[in-house]
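Following: one structure in structure tokens, then a few remarks.
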Amino acid sequence: MKMIKRRYVLKFPPQSGDKPLSYVLVKEYDIRINILKAEVVPGKRGNLLLELEGTSSNIKNGIKYLEQHQVECSPLDKKITLNMDQCIHCGNCTAVCFAGALTMHPETWQLQFNKDECIVCELCLKACPMNLFEIDFHNGN
Ligand code: SF4
Ligand code: SF4
């Protein structure tokens, strides 16, 4: 069976631990899990960016299993673009970017966008008063 890799952003409901669910993915669905990013605050939603490796049908069934357990799963087949030319460097977007992709330069206070850190949570889209962020659906992996 052909093994494939897929990246997903998982949003766990408050109070749910990800460990038992991850265990099921590994044991029941034979999926290898690589955690690329994790943000889990006690009592709040947890967010994980995972790379899953397995057969196409196992990954599909594993995702279905997670969704049945109130985990929101979004494939990372899109990316965020920013029109930096029109940025006024207000910093609003940095306040919502828990992944740390958007930061203000500590000396110049100019916005910096590190695309490699972006987990496509889309929170910056609403945060920007200039509407400078867009979702690009065509250049994902
Ligand atoms: S989508 Fe926006 S807010 Fe979310 S991680 Fe990427 S840059 Fe940050
Ligand atoms: S919210 Fe928009 S205008 Fe403000 S720093 Fe971020 S990208 Fe620039």
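Some notes on this structure:
- Within the range 72-95, considering residues that are within 13 Å of ligand 2 (Cβ to nearest atom) and within 30 Å of Ile59 (Cα to Cα), the one least open to solvent (accessible area, probe 1.4 Å): Ile80
- Among the residues making up the range 37-65, those that are free of Cβ contacts under 8 Å to residues at least 40 places away in the same chain and either in the same structural domain as Glu122 (by TED's automatic domain parsing) or within 29 Å of Lys115 (Cα to Cα) (or both) are Ala38, Val40, Val41, Pro42, Gly43, Lys44, Arg45, Gly46, Leu48, Lys60, Gly62, Lys64.
- Elements of type strands (runs of 3 or more DSSP E) contained in the range 57-141, each with 1 or more residues being of a type in the set (Ser, Thr, Tyr): 72-75, 79-82, 102-104
- Close Cβ contacts (under 6 Å, 6 or more residues apart or on different chains) running from residues in the range 19-30 that are in contact (Cβ under 8 Å) with a residue 24 or more places away in the chain to residues that are among the β-branched types (Val, Ile, Thr) and open to solvent by 100 Å² or more (accessible area, probe 1.4 Å) are absent.
- The range 34-70, residues that are of a type in the set (Gly, Ala, Ser) and surrounded by fewer than 16 Cβ atoms within 10 Å (Cβ to Cβ): Ala38, Gly43, Ser56, Ser57
The values are calculated or read from the model by the stated rules, or taken from the named source; none is laboratory data. As the structure is a prediction and not an experimental result, all values here were calculated from the model. Using ideal geometry, Cβ is built from the backbone for each residue, glycine included, and neighbour counts are taken over all protein chains shown. Accessible surface is based on the protein model in full, side chains and every heavy atom, while ligands, DNA and RNA are left aside. Shrake-Rupley method; radii C 1.70, N 1.55, O 1.52, S 1.80 Å.
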